[in-house]
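I have placed the structure first, in the form of structure tokens, so that the comments after it can refer back to it.
Each value in this text was obtained by applying a stated rule to the coordinates, not by laboratory testing. All of these numbers come straight from a predicted model, not from anything done at the bench. Counting neighbours? That spans all protein chains shown, and the Cβs are built from the backbone with ideal geometry, glycine included.
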Amino acid sequence: MDTMSTDTKQGGAMHWHVRKLLTVIAEAALERKLIEESLALGIGGYTISEVRGGGAHGVRAGEWEGERSIEFKVLCDADAADRLAGAIMERYSRHFALVLYTTDVGVLRSEKFS
Amino acid sequence: MDTMSTDTKQGGAMHWHVRKLLTVIAEAALERKLIEESLALGIGGYTISEVRGGGAHGVRAGEWEGERSIEFKVLCDADAADRLAGAIMERYSRHFALVLYTTDVGVLRSEKFS
Amino acid sequence: MDTMSTDTKQGGAMHWHVRKLLTVIAEAALERKLIEESLALGIGGYTISEVRGGGAHGVRAGEWEGERSIEFKVLCDADAADRLAGAIMERYSRHFALVLYTTDVGVLRSEKFS
Amino acid sequence: MTLDPVILFFLLGLVARLLKSDLRLPEPIYEALSVYLLLALGLKGGIELARYPLSQLAPQIAAVVALGCVLPLLAFMVLRGVGRLQRADAASIAAHYGSVSVVTFAAAMTWIEVRGIPSEAYLPLFVALLEAPGIIVGVLLARGASGGATRWVGVLREVVTGKSVILLIGGLAIGAALGPTGVKPIAPWFFDLFKGALTLFMLELGLVTGRQIGALRTSGAFLVVFGVATPLAFGLIGAALGTLMGLSAGGATILAVLAASASYIAAPAAMRVAVPEANPGLSLPVVLGVTFPFNLLLGFPVYHAYVTWLQA
Amino acid sequence: MTLDPVILFFLLGLVARLLKSDLRLPEPIYEALSVYLLLALGLKGGIELARYPLSQLAPQIAAVVALGCVLPLLAFMVLRGVGRLQRADAASIAAHYGSVSVVTFAAAMTWIEVRGIPSEAYLPLFVALLEAPGIIVGVLLARGASGGATRWVGVLREVVTGKSVILLIGGLAIGAALGPTGVKPIAPWFFDLFKGALTLFMLELGLVTGRQIGALRTSGAFLVVFGVATPLAFGLIGAALGTLMGLSAGGATILAVLAASASYIAAPAAMRVAVPEANPGLSLPVVLGVTFPFNLLLGFPVYHAYVTWLQA
Amino acid sequence: MTLDPVILFFLLGLVARLLKSDLRLPEPIYEALSVYLLLALGLKGGIELARYPLSQLAPQIAAVVALGCVLPLLAFMVLRGVGRLQRADAASIAAHYGSVSVVTFAAAMTWIEVRGIPSEAYLPLFVALLEAPGIIVGVLLARGASGGATRWVGVLREVVTGKSVILLIGGLAIGAALGPTGVKPIAPWFFDLFKGALTLFMLELGLVTGRQIGALRTSGAFLVVFGVATPLAFGLIGAALGTLMGLSAGGATILAVLAASASYIAAPAAMRVAVPEANPGLSLPVVLGVTFPFNLLLGFPVYHAYVTWLQA
Ligand SMILES: Nc1ncnc2c1ncn2[C@@H]1O[C@H](COP(=O)(O)O)[C@@H](O)[C@H]1O
Ligand SMILES: Nc1ncnc2c1ncn2[C@@H]1O[C@H](COP(=O)(O)O)[C@@H](O)[C@H]1O
Ligand SMILES: Nc1ncnc2c1ncn2[C@@H]1O[C@H](COP(=O)(O)O)[C@@H](O)[C@H]1O
Ligand code: NA
Ligand code: NA
Ligand code: NA
């Protein structure tokens, strides 16, 4: 199923592989931890951007260093996404401003994101 | 259907709930309005990042304050996403540089994004 | 199929059209090229944000101009996404730090993203 | 001819953009520089303000505010009558030209200083006074009688708490409170560096202007002509009012520059929110691509000539 | 009364935020300013440090470090005993008040300078010394005996390599290495501009504080009272210790200010990582919304009065 | 030994990174500082440039451009012949060493100034002249005869409109236009602050270098040796040419430094676009992790010794 390309689904010419994109929006204080958790699960890469926002923990306007938030994203297979999400929820969701979600995405070089 | 977890779909161990991620790319001038519209619909949070780009309204390179664009994202259920998208399109799409789209995503704490 | 709205899928009131979101995470040096490739395929717009990250090419912490990365996104139909992804993979994936993936998204003004 | 650093840096930015150079200044630097310039201008004016009795300034304040209300009306009439623009667009452009450009003011101040032309020390007060009225009149023109009182309070609040007004008024107040002695510890930062910081801001504005010039096609020929004719006409009005108010040669020239300049910070921001149906693709290219460089490169000597002629 | 620029700019930021102005300073500017201020403070102290024999400084260093260990213990006892806070929250808040606010220190230095109060030149050394102990004691209090040696090394490393300590110590070392002559080429940047740069930082802190004041409800009445009572009490302890140590009037006042101030850079960052179960929604509003403005607007004369009374 | 502030700040950044401190300077600040430094260097050179007749400068200009073309050829031969690198990689690294490091130049200028070594005032002109040729020769070497004329125009345009060349040439032109008097209002910003701003840039470069040192394994032992041997050899060539050209001791030392330095701004950017098949993981760690600190910490006295020996 992993190697099933999306071209059967939408008629395109490229051979897309289904993978998960796990997105974590969290306090900047968690940056190092999130990278370490991903590495520990053998995930091959990550991408971070600076964000601001609001939620149950109030407005985090990102105006000064005490209030920075990041968006942390990893592309991986469903299994690794589940494990990483599980580890993050267990260790950080209680005490940190944090939101996470997964999206189904299509990638081309599946070996990069297994 | 809301409580249907994606584990039946991809075999993962976590209990994912299907929600909508509504993304709005718009002139920075709309920031306050977008937050207010979301709050008015009872949506519990939002995330913003700085972007630049180009489209029907020309290049918006984000080089100075008159040309800043933001990406505004909310996680919510399909119904709230529809309403918010409808309100934004009705009130702002005619006069503002603006693009919006929804994505199906999986979340863990469904009560946060109902 | 292009005009099939997602309201049959999730019961919402708006008329969503299925399109592709192609996301490219790449060295900032590719910015101009990515814009040009999109324009050449007749894609109507793009959005860019500054990111940092790590992958097969090592840590790209975005601390100085030699190490900046961008996230480049286009909304378009599946066919254009395939072509753009194909062109980028062929021309740049060998020599540049680069990751790309597609997501199925719903848009309202389908004529903007055909 | 005396060359001004600010103009040369503006031209450098312009040339770099036209050559498609990858030169850029990050947006946070642009924002920080604009906060700095507004504060420094306010402070400079505030220090001197405390010296003048209110009785002397009150009539001048009234006259300047009146000018800020009349100019957008004139612009609106021309834009509707001659240019046949839609109501919202005409009102929005009128607001830009009714308000002022702080950077043009700063460049004009260095222009008269370099030439040793005497001027009143409280001129930054005029900038603060002229920022808001044009915008408010513009919104009024767009709405006509309609709109309702509640929305009005919102628009007024937005304009008055906008960053330019807050920083100018805040700077004026702090300058007045500190006086010439109290301000000394922060003088190296706010005053000695002012012109240097302005050159960097000008470099950035050259880059921005370069892009707007490319967008001038959208605005059309009428607006390009409008972008040159309006400063020439409004400059004359400003020079005349300044002379009537008894300002020095430098003061009247600066009032002419303020009248001739068009806002590209406060006005566009306010218009997007208050008059969203106005198309910024019409106004910005003219304000930034025509009027701003026109004033900077050619306008100052003209306005000074107006004043010399009127005060003769 | 002498008005201080830094305080006026802080108030301007506060007012702008309370008026819901769109004024903001981009986060990269905030970060750059804080790097600059820490380096400048370190340098200033380092230049003078080289002149003093270690034998003279050693007892003072020991006393100051002891102060940094005792203050969080006192705070913890009150927060647990009187405030009935949870262990983690009490420990975290104790760490904030045990550590110091660099900006409050900088503002106090200009306060005593403007008034011509003499002080020791190596006071920035005390800032560097007081930064870490409060945080380390706070973590210890949160963990009790548990936690394990390995985690301890991690926490210690994090605090000691934290940006504030690195920049202060780095600045001190570079200042000591360069001496008064070697530092001359960089003096315009680090010293002449210092107070001006501080005003911009204060403007930003006013904006940040304005938001925290709105969040004070979460902290509750006890912590608001705590946020005023603690600086008054700790200031007295600092003033007494300074007097015992034989510091000048200015030096003792500054030690009082340091004791009275609460950290909002190093401590919150360290607590999020080392004591995540502590709720920052309790501590930050009090530290930034109560104690910081209290010290800035009312505290300095009080601490100076303590010293005058004690040294009389 | 005279300690240079710039070197101490570089070391502070390096140490902070090796200690894994969270210290960082935001990228927009890095970009703004680099724009500032390039402009300031250009201006400084431009002011003096106007004084020299073209007839005197023309032969020097020709000689310096020739140097910029020959050095990358030499580097290429060694990298291919001895190092057995692939054509693209050898060409790319040759381009880096053929071009120059502006920051190394700035540090060397303060090094000779502090020591009172006399030098020509138009040396920044050499930086502008040496920026491009190395890169162009590098592209030529990568492509061989192939590539086509159209692509060539593109590469040339990209290098010549690149930010470093635009700002250096722009600064030179503005400086020449303004002259010593016209530049006075902006002197506090561009000249008094120069060395201070440079220290902050050096701090950042120390942090960046610290990361590159960790990546040196990818480059391999040959390139590490190359990163030390090349500046020693090229420095001698530069010193010899400077002496032949009749430059003063300072001028020849600076020409040696320029020859010895390797570009890490313009060259990497140009190579990514023009020679994408070259691996930046080979070149950057050596340029930034070996050659840059080698020149800064050890190179300057060596190049000065070359000159003293050659001019004796
Ligand atoms: N419903 C939501 N949609 C989008 N982003 C959210 C949402 N809820 C929270 N966030 C983001 O996640 C961060 C932490 O959320 P919270 O823990 O709910 O305060 C917020 O600061 C937002 O950036
Ligand atoms: N096809 C597209 N793909 C991705 N982003 C787009 C697209 N079209 C527009 N945008 C973004 O939306 C903003 C406003 O779009 P527009 O109203 O078309 O000018 C642009 O500045 C882009 O950032
Ligand atoms: N598995 C991944 N998940 C998310 N982002 C990634 C992943 N792998 C790589 N990236 C991003 O893509 C950039 C280039 O990847 P690479 O070519 O693997 O070094 C990295 O710097 C990351 O920003
Ligand atoms: Na005007
Ligand atoms: Na304290
Ligand atoms: Na070289």
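Largest GNM mean-square fluctuation among E:THR104, E:THR199, E:THR253, using chain E with Cα springs under 10 Å: E:THR199. Charge dipole (Cα centre; +1 on Lys/Arg Cβ, -1 on Asp/Glu Cβ; no other charges) of the protein assembly as shown amounts to roughly 200 debye.
Under conditions of 20 °C and 1.002 mPa s, segment C:7-106 yields 147 µm² s⁻¹ as its translational diffusion coefficient, taking Rh as the Kirkwood radius over Cα pairs in the Stokes-Einstein equation. Site pair E:GLN86 and F:LEU244 shows an inter-label distance of 7.7 nm when each label is modelled 7 Å from Cα along Cα→Cβ. Across segment D:102-116, rounded Karplus estimates of 3J(HN,Hα) from the backbone phi angles (6.51 cos²θ - 1.76 cosθ + 1.60, θ = phi - 60°) give 5, 6, 4, 4, 4, 5, 5, 4, 5, 4, 6, 4, 4, 8, x Hz, Gly and Pro being marked x. Here the dipole of chain E is about 500 debye; that uses its Cα centre as origin and unit charges on the Cβ of Lys and Arg (positive) and Asp and Glu (negative).
In chain D, the beta-carbon sitting nearest the axis that superposes D on E belongs to the residue given here with its distance in angstrom, D:PRO28, 3.
For A:ARG109, inter-copy separations between label points set 7 Å beyond Cα along the Cβ vector come to 3.6, 3.6 nm, shortest first.
Placing a label point 7 Å from Cα along the Cα-to-Cβ axis, F:GLU277 is separated from the same position in the other copies by 6.0, 6.0 nm, shortest listed first. In the protein assembly as shown, the calculated helix contribution to ellipticity at 222 nm averages -20000 deg cm²/dmol per residue, counting -39,500 (n - 2.57) for every DSSP H run with n ≥ 4. Summarising the label geometry, the points placed 7 Å from Cα in the beta-carbon direction at D:VAL65 and B:HIS95 lie 2.7 nm from one another.
The ranking of E:ARG217, D:ARG272 from fewest to most other beta carbons within 10 Å of each one's beta carbon is E:ARG217, D:ARG272. Enter the angle in degrees (range 0 to 90, nearest 10) between the Cα long axis of helix B:78-92 and the first principal axis of the Cα atoms of chain B, meaning the one along which they spread out most. The angle comes out near 10 degrees.
Other chains' Cβ within 10 Å of C:71-78 residues: what's the mean?
Average per residue, whole number: 4.
Placing dummy labels 7 Å off each Cα toward the beta-carbon, the span from A:ALA56 to E:LEU18 is 3.3 nm.
Spatially, segment B:49-114 and segment A:61-86 are offset by 20 Å when compared through their Cα centroids. Note on segment A:19-105: with charges restricted to the Cβ of Lys and Arg (+1) and Asp and Glu (-1), its dipole about the Cα centre is near 80 debye. Centre-to-centre, using Cα atoms only, segment F:254-299 and segment E:88-157 are separated by 41 Å. Taking a straight line from the alpha carbon of C:LYS73, these lysines sit under 26 Å away, with near neighbours fewer than eight places off in the same chain left out: A:LYS9, A:LYS20, A:LYS73, A:LYS112, B:LYS20, B:LYS33, B:LYS73, C:LYS9, C:LYS20, C:LYS33, C:LYS112, D:LYS20.
Could you state the per residue volume, in Å³, of the convex hull enclosing the Cα atoms of the protein assembly as shown? Let's see the in-between values first.
On the way: hull volume 232.3 nm³, N = 1278.
Normalising the Cα hull of the protein assembly as shown by residue number yields 182 Å³.
Can you find, among F:VAL275, F:ILE7, F:PRO231, the residue farthest towards the positive end of the dipole of chain F? Put +1 on the C-beta of Lys and Arg, -1 on that of Asp and Glu. Selected residue: F:VAL275. Say a paramagnetic label sat at a point 7 Å from the Cα of A:SER114, along Cα to Cβ; which residues of segment A:73-102 have their backbone N under 20 Å from it? Counting backbone N atoms under 20 Å from the label point, the list is A:74-84. Selection among F:VAL70, D:LEU23, B:VAL24 by position relative to the dipole of the protein assembly as shown gives F:VAL70 as farthest towards the positive end (Cβ unit charges, Cα centre). Here B:GLU31 yields copy-to-copy label distances, from shortest upward, of 2.0, 2.0 nm, the label point defined as 7 Å from Cα along Cα to C-beta. Considering only E:LEU258, E:LEU49, C:HIS57, whose Cα is most displaced toward the positive end of the charge dipole of the protein assembly as shown, charges sitting on Cβ of Lys, Arg (+1) and Asp, Glu (-1)? Farthest towards the positive end: E:LEU49. Proximity of backbone amide H atoms, modeled 1.01 Å from N, is registered between A:VAL51 and A:SER69, A:ILE70, A:GLU71 at under 5 Å, excluding neighbours fewer than 5 places apart on the same chain.
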